[in-house]
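The values are calculated or read from the model by the stated rules, or taken from the named source; none is laboratory data. Just so we're clear, the structure is a prediction, and the values are computed from it rather than from any experiment. Here the Cβ is made from the backbone with ideal geometry for all residues, glycine too, and neighbour counts use every protein chain on show. To get the accessible areas, we keep the full protein, side chains included, count just its heavy atoms, and leave off ligands, DNA and RNA. Shrake-Rupley method; radii C 1.70, N 1.55, O 1.52, S 1.80 Å.
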Amino acid sequence: MTFKELGIVEPILKALKAEGYTHPTPIQEQSIPILLRRKDLLGCAQTGTGKTAAFAIPILQHIYLSNQQNRGKRKIKALIVTPTRELAIQIGDSFTTYGKFTGIRNTVIFGGVKQGSQTNALARGVDILVATPGRLLDLINQGYISLKDVEYSVLDEADHMLDMGFIHDIKKIIAKLPPKRQSLFFSATMPPAIIQLSRKILGNPEKVTVKPEQATAERVEQAVYFVAKKEKIKLLTHLLKTKGADSTLVFSRTKHGSDKIVRLLERAGIHAAAIHGNKSQNARQRALGRFKDGKIAVLVATDIAARGIDVEELSLVINYDLPNVPETYVHRIGRTGRAKASGVALSFCDVEERPYLRDIQKLIKQQVPVIADHPFPDEREEDLTQKPKKPKRSSKPKRPQQQSRQGKFGGNRNSGNSQSKGSRTYSRRKR
Ligand code: AMP
């Protein structure tokens, strides 16, 4: 299947070609025909699957075709609501990229910055508005935005919206949309609260599901290091120095923790920056920009700040702390291995995080290979590996890792797949 066969118009095809997109991803192949038929859509998919283009391309196409008939002052015809500023900016960039030969204009609004440049852009007229909920309501209430001409609405990352407490804002926004419109609703997970919300928004939707959890976990090469909490920074420094990873995203559970990691890395001579909710929007964008440009090698982020970060060359993800919600692990490792490419994700696991690792392995239905041979092993690892939840008696001696192969992370593995290729360095991936 090609984009042309999906019936995409020439100016968008040209832009996709320029981006190097040869074939639609599964979510695009399934969703684009539905959306071109103007049906509502309930999409179960997360970032990394190509879902932005899955909704952006048909919306651009509808607007492009209708703009050819009626020219006049631009009105907001499509509204995309998304939980974080980073995601909003990326979605806006995607519309700009795919729509660069269509003459369609978009703008992005989000909180945490002065509103002047945003209201100026709105005053010049836009076809597509990408917004985070709070700033959107704020500017509607101030009279800068009218949603009365919206024909296409997208609620992106709905589960994340609920996690962040946006439910009331979302309901208020929905109430302001014209009833006759095409509605799209995307969520990585579909718990009952999300299904309930989707029913309020969607008419009689078609459903598209891409199994991101397994797909991501299968695509990304993973390994775990058992390490004491206080030794994690040494292990991180060691890995960054020895593996030559020049585009590494490190996840920290807390804002304070990520600042500390950056300080200690800088002290060790590794250029790093942190992004999290306490940083100003400008500081976050600056850090992300420098990371994307390769000026800093390591970005340390909390989950909220990193969700949806789309850095194509990301070669390595390191979970400095393991998340206590297993789905978060899948979201994190999905930052590398975007679209169809493969990536590498390494995790540090201290004694208190062992239950988290078990939950993760249950979710992804895989054992994450253990790198036992590294300079900062957790002394208690042997006890721990011999203390599963339900004790199993084995006549064989433990620690089979002694005979294991040299893995590509430079250490020995005691489980996992067999594609050993010796140690490797990580470098920026080319598209
Ligand atoms: P998303 O899930 O929207 O965050 O997209 C994940 C990544 O896949 C982004 O870097 C896109 O640029 C890329 N992408 C989306 N669609 C395609 C495609 N059809 N071919 C190649 N890359 C794509």
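Within region 176-192, if we keep just the residues that are surrounded by fewer than 19 Cβ atoms within 10 Å (Cβ to Cβ) and touching a Leu at 6+ places or on another chain (Cβ under 6 Å), the residue that is farthest from Val150 (Cα to Cα) turns out to be Lys176. If we scan region 196-203, do we find a residue that is charged (D, E, K, R), surrounded by fewer than 14 Cβ atoms within 10 Å (Cβ to Cβ) and in a loop (DSSP other than H, G, I, E, B)? Scanning region 196-203, I find no residue that is charged (D, E, K, R), surrounded by fewer than 14 Cβ atoms within 10 Å (Cβ to Cβ) and in a loop (DSSP other than H, G, I, E, B), so the answer is no. Report yes if some residue within region 119-131 is in a loop (DSSP other than H, G, I, E, B), closer than 24 Å to Asn278 by Cβ and open to solvent by less than 40 Å² (accessible area, probe 1.4 Å); otherwise report no. No, that holds for no residue.
Taking Ile63 and the conditions (1) more than 16 Å from the ligand (Cβ to nearest atom); (2) within 26 Å of Glu5 (Cα to Cα); (3) open to solvent by 10 Å² or more (accessible area, probe 1.4 Å); (4) among the hydrophobic types (A, V, I, L, M, F, W, C), which numbered condition does it fall short on, given that it satisfies the others? Here Ile63 meets the rest and fails (3). Checked against (1) within 9 Å of the ligand (Cβ to nearest atom); (2) in contact (Cβ under 8 Å) with a residue 60 or more places away in the chain, Val81 meets all criteria but (1).
Filter region 17-43 down to residues that are crowded, with 22+ Cβ neighbours inside 10 Å and within 13 Å of the ligand (Cβ to nearest atom), then give me how many there are. Quick ask: steps written out before the conclusion?
Filtering region 17-43 down to residues crowded, with 22+ Cβ neighbours inside 10 Å leaves 24, 27-28, 31-32, 35, 41-43.
Going one step further and asking which of them are within 13 Å of the ligand (Cβ to nearest atom), we end up with 24, 27-28, 31-32, 43.
Final tally of qualifying residues: 6.
When region 67-76 is filtered for residues that are open to solvent by 30 Å² or more (accessible area, probe 1.4 Å) and either touching a Lys or Arg at 6+ places or on another chain (Cβ under 9 Å) or charged (D, E, K, R) (or both), the ones remaining, listed by number, are Arg71, Lys73, Arg74, Lys75.
Scan region 213-228 for residues that are surrounded by fewer than 19 Cβ atoms within 10 Å (Cβ to Cβ) and either modelled with pLDDT of 95 or more or not in a helix (DSSP H, G or I) (or both) and report the count. Summing the residues that are surrounded by fewer than 19 Cβ atoms within 10 Å (Cβ to Cβ) and either modelled with pLDDT of 95 or more or not in a helix (DSSP H, G or I) (or both) in region 213-228 gives 1. Kindly indicate which of Arg332, Arg290, Arg286 is surrounded by fewer than 20 Cβ atoms within 10 Å (Cβ to Cβ), touching a strand residue (DSSP E or B) at 6+ places or on another chain (Cβ under 7 Å) and not small (Gly, Ala, Ser). That would be Arg290, the only listed residue that is surrounded by fewer than 20 Cβ atoms within 10 Å (Cβ to Cβ), touching a strand residue (DSSP E or B) at 6+ places or on another chain (Cβ under 7 Å) and not small (Gly, Ala, Ser).
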